[in-house]
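Visitor: Please read through the structure below; I'll follow up with questions.
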Amino acid sequence: MPLTRPDRERIEMLVAALETEYGPATDSARVEIVRAPGRVNLIGDHTDYNEGFVLPAAIELDTWIAFRRREDGLVRVASRHSREPGSFWIDDLTAEHEAGGDTRQPRENDGGAAAGAAATATVRRSSHWSDYVAGAAWSLREAALPVRGFDGVVDSTIPIGSGLSSSAALEVASALALLGAGRVLAAPSLAALAQRAEVDYVGVNCGIMDQFASAAGREGRALLLDCRSLDTRYVALPFGVRVVVCDTGARRELRSSVYNTRRAECARAVALLAERMPGLCSLRDLDAAWLARHRALLPDNVARRAEHVVSENARVVTTASALETGDLDELGRLFAESHVSLRDLYEVSSPALDTMVEVARAIPGVVAARMTGAGFGGCTVNLVLADAVPALKAAVSREYDRRTGLRGRVYPVAIVDGAGPLAMI
Ligand code: ADP
Ligand code: MG
């Protein structure tokens, strides 16, 4: 990837931060830089953990780690987004479920909470942002890959906690840094290892989509991913159409508890429906007509969750075709249906997301708009004719902010390649 002038400035800033944090480099220590992008999901929400289809794209907002290798197995990391640096010994890492409790040593920045947790056995790990880095190290080590320590500085342009997968970008970039920038791992393996870091080490029960998009994205293309087989198809966007992310600025307080409830409801639907379809192991294997015939077997809320998943899977596949044929009307219809389904059947939208979608849809040249990601705040995704982007920006700062009292942000995003080494200095 050719480096632009802003890229070079960002590298200089990171190298300077590395020196401030850990002192000047010795003669032999080179600075390596890796990057991993965030992602936006064009369509297919809450389908990944149901072994269904998703259509994300890696975006230009990304996370970089500049690092100098260490030979003693220690990792020290600082982030421009946190005043609390983290550190851990790779050999000491244990996932919570292995240890039956948190075995980390107390650190300055958690006030010794970790040691207290260890003393009382299965208390949940107290969280620190560097757990995502430690999780990547743990996951690579579990896979018997050679992991090396480093002193590193993290910088991200992804708004953190907005649904654009800053966590996946941090895990994927960390995995690359731990392997060393010279070592290449196939994107699907990198994604699976990063996902394991988040699920088994950090303790967030996520699907594979975020890490896969960050690892395997391709410039200018969305990625149709079958979350069961991990088969992929790259899909170009129609000429002149831009992807624009609108961040609602709303907090996502309910998110993780509702996310876990929804996963449980999907599992319940599968268990109940398996009585009529022996061997059924995921909603992915149902079609809408069969589900409609057997709907009475399910409590109403569980049936609605299943209806969302089944219809959303079909919409993802149709959207990929509509992108390829450039059918803008069809794209608008599919995004609208997806939003309504997430709002009314899956019940994960919010007034802020609904308002953001409404404001965008009123702008001529906005082809399609819907909420994206897990829901309850976070972002919407929009397909917008290039010359309508300024009008969308203006409408968000005028209309959306006035109607919600929040501060919306608009990010027109280029679609970029997945993660990789960036430079060695
Ligand atoms: P999202 O992935 O949608 O941005 P998550 O809640 O999954 O939101 O992940 C956000 C968390 O990831 C943050 O709270 C923080 O712990 C960690 N994180 C991600 N990027 C960074 C970063 N650049 N610096 C420090 N922490 C980060
Ligand atoms: Mg995340």
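The values are calculated or read from the model by the stated rules, or taken from the named source; none is laboratory data. Since we're looking at a predicted model, the values are computed, not measured. A quick note on method: Cβ atoms are made from the backbone with ideal geometry, for glycine too, and the neighbour counts reach across all protein chains shown. With ligands, DNA and RNA removed, areas are computed over all heavy atoms of the protein, side chains included. Shrake-Rupley method; radii C 1.70, N 1.55, O 1.52, S 1.80 Å.
Visitor: Could you tell me which of the residues Val384, Val359, Val389 is open to solvent by less than 20 Å² (accessible area, probe 1.4 Å), among the β-branched types (Val, Ile, Thr) and without any contact (Cβ under 8 Å) to a residue 60 or more places away in the chain?
Guide: Selected residue: Val359, the only one of Val384, Val359, Val389 that is open to solvent by less than 20 Å² (accessible area, probe 1.4 Å), among the β-branched types (Val, Ile, Thr) and without any contact (Cβ under 8 Å) to a residue 60 or more places away in the chain.
Visitor: Something else now. Among the residues of region 240-272, write down those that are part of a helix (DSSP H, G or I) and among the basic types (Lys, Arg).
Guide: Arg255, Arg262, Arg263, Arg268
Visitor: Working only within region 314-335, note down all residues that are open to solvent by 30 Å² or more (accessible area, probe 1.4 Å) and in a helix (DSSP H, G or I).
Guide: The answer is Ala314, Val317, Thr318, Ser321, Glu324, Thr325, Leu328, Asp329, Glu330, Arg333.
Visitor: Which of (1) modelled with pLDDT of 95 or more; (2) open to solvent by less than 20 Å² (accessible area, probe 1.4 Å); (3) touching a Ser or Thr at 6+ places or on another chain (Cβ under 7 Å); (4) not polar (S, T, N, Q) does Ala78 not meet, given it meets every other one?
Guide: Failed condition: (3).
Visitor: Follow-up. Would you be able to say whether some residue in region 381-399 is touching a helix residue (DSSP H, G or I) at 6+ places or on another chain (Cβ under 9 Å) and hydroxyl-bearing (Ser, Thr, Tyr)?
Guide: Checking region 381-399: not a single residue is touching a helix residue (DSSP H, G or I) at 6+ places or on another chain (Cβ under 9 Å) and hydroxyl-bearing (Ser, Thr, Tyr).
Condition check ((1) without any contact (Cβ under 8 Å) to a residue 24 or more places away in the chain; (2) at positive phi) across all residues:
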| site | (1), (2) |
| --- | --- |
| Ala215 | no, no |
| Thr232 | yes, no |
| Leu237 | no, no |
| Val243 | no, no |
| Val258 | no, no |
| Thr261 | yes, no |
| Gly279 | yes, yes |
| Leu283 | no, no |
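Visitor: Let me ask you something else. Go through (1) out of contact with any helix residue (DSSP H, G or I) (no Cβ under 9 Å at 6 or more places or on another chain); (2) modelled with pLDDT under 95; (3) more than 16 Å from ligand 2 (Cβ to nearest atom); (4) not aliphatic (A, V, I, L, M) and name the single condition Gly249 misses.
Guide: The single condition Gly249 does not satisfy is (1).
Visitor: Any residue in region 143-159 that's in contact (Cβ under 8 Å) with a residue 40 or more places away in the chain and under 18 Å from Arg35 (Cβ atoms): show its pairings with residues that are assigned to a loop (DSSP other than H, G, I, E, B) and within 16 Å of ligand 2 (Cβ to nearest atom) at Cβ separation under 8 Å, as long as the two are six or more apart or on different chains.
Guide: Val154/His81; Ser156/His81; Ile158/Leu164; Ile158/Ser165
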